[in-house]
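Enquirer: I am attaching a structure below and will ask some questions about it afterwards.
The values are calculated or read from the model by the stated rules, or taken from the named source; none is laboratory data. Remember, it's a predicted structure, so these values are computed and weren't measured experimentally. Quick reminder, even Gly has a Cβ in these numbers, built from the backbone with ideal geometry, and neighbours come from all protein chains shown. Side chains are part of the model used for accessible areas, which takes the heavy atoms of the whole protein and leaves out ligands, DNA and RNA. Shrake-Rupley method; radii C 1.70, N 1.55, O 1.52, S 1.80 Å.
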Amino acid sequence: MNLKCAIVDDEPLALGLLESYIKKTSFLELSGSYSSAIQAMKYLPDHPVDILFLDIQMPELNGLEFSRMVPEDTRIIFTTAFDQYALDGYRVNALDYLLKPISYSDFIEAINKAVQWFELRQKADKQNANAGSENKKDYIYVKSDYKLIQIELNKILYIEGLKDYIKIHLEGEERPILSLVSMRAMEEKLPADQFIRVHRSFIVQKQKIKVIDKGRIVFGKEYIPISDSYKQELQNYVNEHIV
């Protein structure tokens, strides 16, 4: 894991020392060094970092004040010659607090805390992504001829509403599946990012739309009308993918 770092310190010696520590630590990358919080304010918004080494006692805008303006994703490690600021540092959710003069061993100890924090966040993000993919529907069950039939969503071309029942037209199947369910109930069961309603009587799978001809979607010999009330939503989808 490589982490981007920036330093804000009005003492040139402290700035130089931290720069040398970052440069000799293989997984750290120095993104910027700033001699004041005012200077850092101009550059950090366009050059976000993972770790910010931030001096507390600085003129005009001190480190504690500036830390409240830093994005939440940036972890702050305070650096100061005065240990009375330690409690204030934790109040603004600092990752660690380094007392000057800073030794390389103390520096590495603080950096290891940062690595652990980012690894935990990475793990949590991955778990959330996996949970989202597991919750994604791949199929539905519909009642048809007194049976429950599993239908894979990616095989659905379109759904046709006929008063009290629907026809589900599947790719590679000549005969549709009939089910006694309303279009509204069916639409609520289908993932909105995959299906789109184009007419009061038709719901279409977005990725199956290959040809649109004169206000109609073409599926082989079948022509699906696009009504005015649903035209704009379909147009927005097409515009996202048009070359």
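Enquirer: Restricting to region 180-193, what's the tally of residues that are within 15 Å of residue 156 (Cβ to Cβ) and part of a loop (DSSP other than H, G, I, E, B)?
Expert: Number satisfying all stated conditions: 5.
Enquirer: Pairs under 6 Å by beta carbon, first residue free of Cβ contacts under 8 Å to residues at least 40 places away in the same chain in region 101-128, partner outside any helix (DSSP H, G or I) and open to solvent by less than 70 Å² (accessible area, probe 1.4 Å), six or more apart or different chains?
Expert: The qualifying pairs are 106/98; 110/77; 110/96; 110/98; 113/95; 113/96.
Enquirer: Looking only at region 40-69, count every residue that is within 18 Å of residue 97 (Cα to Cα) and part of a helix (DSSP H, G or I) and tell me the total.
Expert: Residues meeting the conditions: 5.
Enquirer: Sort through 104, 158, 141 and tell me the only one that's modelled with pLDDT of 90 or more, aromatic (Phe, Trp, Tyr) and closer than 30 Å to residue 178 by Cβ. Even if it seems obvious, please write down each step before you answer.
Expert: Working: 104 fails: closer than 30 Å to residue 178 by Cβ; 141 fails: modelled with pLDDT of 90 or more.
Only one candidate qualifies: 158.
Enquirer: Continuing with this model, one more query. Residue by residue through region 219-243, note down the ones that are under 32 Å from the mean Cα position of the chain (by Cα) and of a type in the set (Asp, Glu).
Expert: Here is the first cut: in region 219-243, the residues under 32 Å from the mean Cα position of the chain (by Cα) are 229-243.
233, 240, listed by residue number.
Enquirer: Sticking with this one: Only one residue in 72, 119 is assigned to a loop (DSSP other than H, G, I, E, B) and either out of contact with any His (no Cβ under 6 Å at 6 or more places or on another chain) or modelled with pLDDT of 85 or more (or both). Which one?
Expert: 72
Enquirer: Taking region 40-55 only, how many residues are more than 14 Å from residue 30 (Cα to Cα) and either open to solvent by 90 Å² or more (accessible area, probe 1.4 Å) or touching a residue at least 60 places away in the same chain (Cβ under 8 Å) (or both)?
Expert: So the answer is 3.
Enquirer: Contact list please: Cβ distance under 8 Å, first residue in region 230-243 and among the hydroxyl-bearing types (Ser, Thr, Tyr), second residue surrounded by 10 or more Cβ atoms within 10 Å (Cβ to Cβ), pairs at least six apart or on different chains.
Expert: 230/196; 230/197; 230/198; 230/199; 237/196; 237/206
Enquirer: Let me ask something else about it. In region 194-230, what residues are open to solvent by 100 Å² or more (accessible area, probe 1.4 Å), among the charged types (D, E, K, R) and part of a helix (DSSP H, G or I)?
Expert: Of everything in region 194-230, just one residue is open to solvent by 100 Å² or more (accessible area, probe 1.4 Å), among the charged types (D, E, K, R) and part of a helix (DSSP H, G or I), namely 228.
Enquirer: Looking only at residues that are more than 13 Å from residue 204 (Cβ to Cβ) and among the charged types (D, E, K, R) in region 168-185, which one is least open to solvent (accessible area, probe 1.4 Å)?
Expert: For region 168-185, the residue satisfying everything is 173.
Enquirer: OK, next. Quick one: would you say residue 16 is over 19 Å from residue 95 (Cα atoms) and either loosely packed, with under 14 Cβ neighbours inside 10 Å or under 32 Å from the mean Cα position of the chain (by Cα) (or both)?
Expert: On the way: over 19 Å from residue 95 (Cα atoms): yes; either loosely packed, with under 14 Cβ neighbours inside 10 Å or under 32 Å from the mean Cα position of the chain (by Cα) (or both): yes.
The answer is yes for residue 16.
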